[in-house]
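Read through the structure below, which is laid out as structure tokens, and then see the notes.
The values are calculated or read from the model by the stated rules, or taken from the named source; none is laboratory data. Note that the structure is predicted; figures quoted are calculated from it, not measured. Cβ sites come from the backbone with ideal geometry, for glycine too, and all protein chains shown count toward neighbours. In case anyone asks, the SASA skips ligands and DNA or RNA and just uses the protein heavy atoms, side chains included. Shrake-Rupley method; radii C 1.70, N 1.55, O 1.52, S 1.80 Å.
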Amino acid sequence: MEAARRRQHPGAAGGPGAQLGASFLQARHGSVSPEEAAHAAPFHLDLWFYFMLQNWVLDFGRPIAMIDSFELLYYYDEYLGHCMWYIPFFLILFMYFSGCFTASKAESLMPGPALLLVAPSGLYYWYLVTEGQIFILFIFTFFAMLALVLHQKRKGLFLDSNGLFLFSSFALTLLLVALWVAWLWNDPVLRKKYPGVIYVPEPWAFYTLHVSSRH
């Protein structure tokens, strides 16, 4: 998963991240006029598709090709990566999300391509949350997003297509995590492996204990 942490950060000049950074800076500094706010930004299909594809390939593909190797990298991934990547990653997503609002309720809709991407996007965040053991960080970010939506709604602002896509992806992730935990709630082996208060088993642990061991 370390390779995924070197993904380009939103705000990099010339790339899709520039659109993320621009949206946040506009929201933060109040540079969006009421007339501009009435027109929601178009759904960034190329940005979200590239972002999701890169995440899947780097985060999910690398462990398959590198099982039982690079122990030092594994240590870095498990213990240092949380502070050096997960926290900035979710912070940047939240900052981008804070700029995804429009004054036009009619434009607060997701186009067809966005609906198709919600499932794989939510599934990726489920894998990130469960395998990375970052449920607390994720749930904190999700409720911060929810609080921001309610706050902006009082001002007459609504999520645009990009904000709806990100919020829907997180909502689906929360549902998938809940179903995952409920399914493995009474698993004695995983219960012993994850004895903490928050019980969120890792997918690779499940695969190792219950799938690969049978072959």
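What the table shows:
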{"quantity": "Segment 186-210, subset hydrophobic (A, V, I, L, M, F, W, C) and more than 30 Å from LEU116 (Cα to Cα), residue surrounded by the fewest Cβ atoms within 10 Å (Cβ to Cβ)", "calculated": "VAL197"}
{"quantity": "Qualifying residue in segment 116-136 (condition: of a type in the set (A, V, I, L, M), under 19 Å from PHE94 (Cα atoms), open to solvent by 30 Å² or more (accessible area, probe 1.4 Å) and out of contact with any helix residue (DSSP H, G or I) (no Cβ under 8 Å at 6 or more places or on another chain))", "calculated": "yes"}
{"quantity": "Single residue of PHE143, PHE94 found to be free of Cβ contacts under 8 Å to residues at least 12 places away in the same chain and surrounded by fewer than 18 Cβ atoms within 10 Å (Cβ to Cβ)", "calculated": "PHE143"}
{"quantity": "The one condition in (1) touching a residue at least 40 places away in the same chain (Cβ under 8 Å); (2) touching a strand residue (DSSP E or B) at 6+ places or on another chain (Cβ under 7 Å) that VAL149 fails to fulfil", "calculated": "(1)"}
{"quantity": "Enumeration of residues in segment 166-185 that are open to solvent by less than 30 Å² (accessible area, probe 1.4 Å) and part of a loop (DSSP other than H, G, I, E, B)", "calculated": "LEU184"}
{"quantity": "Residue within segment 124-139 that is part of a helix (DSSP H, G or I) and over 16 Å from the mean Cα position of the chain (by Cα) present", "calculated": "no"}
{"quantity": "Flag if PHE158 is open to solvent by 30 Å² or more (accessible area, probe 1.4 Å), within 15 Å of PHE101 (Cβ to Cβ) and either modelled with pLDDT of 95 or more or not polar (S, T, N, Q) (or both)", "calculated": "yes"}
